[in-house]
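Accompanying notes for the structure given below.
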Amino acid sequence: MGADVKEIVRPKIDIDAILVNEAGQFGKFQVRMYLLVLVAVLFHTWASVEYVFTTTRMKTRCLIPECDNDQPEWSPDWIYNAIPPTAPTNNCYRFANTSTVLDSSDTCPSGLFDTTTLLPCEEYVYENTNTVVYDFGLACDEWRRSLIGVLRTAGTLVALPITGYISDRWGRRVALVFNCFNTAWLGFTRYWAQTYIGFVLSEFIEAVFGSGIFSCCYILMMESVGPKYRVAAGASMNTFFALGEITMGFLAWCVPDWRQLTLTIYAPQIITLTYYFIISESVRWYVSKGRYKETEELLKKIAKVNGKELSEKTMEQLRDAKLYKDENVKSTETEIKAADEPCLILLVFRHKRVLLRCIVSPIWWITTTFTFYGLSINAVNMSGNRYVNYIAVAFMEIPGYWLAVFLMGKIGRKPVLVAGFWICAACQMAYVFMPKGMYTVSLVVYLVAKFCIAMVIVTVYVYTVELYPTRYRHRLFAFSSMMGRVGTILAPITPAFGAQWFEELPFVLFGSMALLSGLLIFLTPETLGTKLSDTLQEANDLGRKKTKNQMNSEEINNNQNEI
């Protein structure tokens, strides 16, 4: 076994050190990639949240055959003779008829209806035709309307492991273009959906094969910049997601018809097909795959574009690595490929500290998405202009993201996460027990909770990436993110929880889960000031202090395990 290990152990190349000391941590090369990635994030956000507007609830009322003509008016003078005047936005009931004989000159008098008896609508009149509620007759069918968003989010859960596998196997760039292309054409063709089933399937399939864009962009940028800019790069990804939500709100406001809105947001996305030719692969991915020729070429390109030059020592390391692979590794590549994918679960179980992270990090993610989107949904349901409400709520995320950036660099990842979770939990509990009528105080508490969970969401992205090694990073990151989609799926039905049991139940759930997640943060190591791990053993050793002999011994054991 020892001989085999010697044959296929790959030379160590410290990408962080090369970026910091020679090629540049965030120069022109990274800025160019960064701008391209941000465009993809903007497009992805539009695709991710468009269903909020295309499937939104519409004002409806019962069609009153006794009174309405062939071209029914939405709000005629007599309408409250026929329907309850205190009805909710979606009026699903009307008054029953009486047997009174009335003067035919009176269009629709109150005496025609029995106000003590309510009947369900048989047909509906809609205030407008802007959403799929009109096209597919979903006026009082809240379950089928909500199911569209649930299935859309469920599709993202399926997408993440697919994207993670493609990314780790064939590269970050391939995975990004794969998702961008599928988002563009599948979303565009939804314009022609004529049935409810067709529309729902289109949303689900697009999510399955196209919603991995954000994780691709996130991993690509985190692996392309130096450690000094890693946190800011991560926060920028989240900031552009929020800006995507804001611009989506304005687009939906300007183009309210769902079919025209679909064309507006998906047609421009076809340009992302060019990304395969204009965006570079992750240099860390090349190293993790032993592709030292491409590593050397890309590092030279990064240094040249950034106006820098690689040292002779680095060039010698890269040449030695390439020569070593050509002479010693080529004969065993089939063995490596065979052992690479199927053994990941077994390898994680051999590294107990990494295994613990794989257990607790999904809980953080479920809590974060459940609370983040749950608060957004409840905020959007406030009275007033829904577009303005949506834009305002999205805007509140941005200061939370950047405060997290500042604090992560000063006090570390763990304190930010613990404080964010626990302050959010305290706000939820305060909201539950707050006396009725304290509207201003309630709003402040609500906004503080949203602000804190925005801090958490940007921090948990950065922290999760830093907890896992390059070779398996995207798959392990995708696992946590995939589990987080459970929270996203549950968030839209939190108002139903309150209606079924008691009104404050959603906030009790948000607070309880945030409190638990804050406690679980103490089980994982701090990553401030550490370099990204390349192997499972390096990831396992985060937060540990070892002697040189211990580290060498464990590295040999790790190589044996991974082989």
request  = Answer yes or no: is there a residue in segment 167-178 that is part of a helix (DSSP H, G or I), over 18 Å from Ile278 (Cα atoms) and aromatic (Phe, Trp, Tyr).
outcome  = no
message = Residue under question is Phe241, and the condition is that it be out of contact with any Leu (no Cβ under 8 Å at 6 or more places or on another chain) and surrounded by fewer than 17 Cβ atoms within 10 Å (Cβ to Cβ); does it hold?
response = no
key: Selected residue [touching a Phe, Trp or Tyr at 6+ places or on another chain (Cβ under 6 Å) and either in a helix (DSSP H, G or I) or surrounded by fewer than 18 Cβ atoms within 10 Å (Cβ to Cβ) (or both)] from Leu151, Leu160, Leu201, Leu186   = Leu151
task = Return the only residue of Ser215, Ser224 being in a loop (DSSP other than H, G, I, E, B), among the small types (Gly, Ala, Ser) and touching a residue at least 24 places away in the same chain (Cβ under 8 Å).
result = Ser224
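Kindly establish whether Lys293 is of a type in the set (Lys, Arg), farther than 19 Å from Gln30 by Cβ and either surrounded by fewer than 21 Cβ atoms within 10 Å (Cβ to Cβ) or touching a strand residue (DSSP E or B) at 6+ places or on another chain (Cβ under 8 Å) (or both).
Spelling it out, Lys293 is indeed of a type in the set (Lys, Arg), farther than 19 Å from Gln30 by Cβ and either surrounded by fewer than 21 Cβ atoms within 10 Å (Cβ to Cβ) or touching a strand residue (DSSP E or B) at 6+ places or on another chain (Cβ under 8 Å) (or both).
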ask   = Which fully enclosed helices (runs of 4 or more DSSP H) of segment 479-563 have 3 or more residues being more than 21 Å from the chain's Cα centre (by Cα), surrounded by fewer than 19 Cβ atoms within 10 Å (Cβ to Cβ) and modelled with pLDDT of 85 or more?
value = 505-520
remark   = Counted residues in segment 62-74 being touching a Pro at 6+ places or on another chain (Cβ under 9 Å) and not hydrophobic (A, V, I, L, M, F, W, C) come to 1
inquiry  = Condition (residue is closer than 30 Å to Gln537 by Cβ and surrounded by fewer than 24 Cβ atoms within 10 Å (Cβ to Cβ)) applied to segment 417-427: is it met by at least one residue?
reply    = yes
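Answer with yes or no whether Arg57 is of a type in the set (D, E, K, R) and modelled with pLDDT of 90 or more.
Taking the combined requirement at face value, the residue does not satisfy it.
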remark   = Residue pairs within 6 Å by beta carbon, gap of at least six or interchain, first lying in segment 340-368 and of a type outside the set (A, V, I, L, M), second modelled with pLDDT of 90 or more and open to solvent by 20 Å² or more (accessible area, probe 1.4 Å), listed first then second, are Thr367/Met513
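The values are calculated or read from the model by the stated rules, or taken from the named source; none is laboratory data. The shown structure was predicted, so the numbers you read here are calculated from the model rather than taken from an experiment. Positions of Cβ are generated from backbone atoms using ideal geometry, with glycine treated the same way; all protein chains shown enter the neighbour counts. Surface accessibility is based on the protein's heavy atoms, side chains included, excluding ligands, DNA and RNA. Shrake-Rupley method; radii C 1.70, N 1.55, O 1.52, S 1.80 Å.
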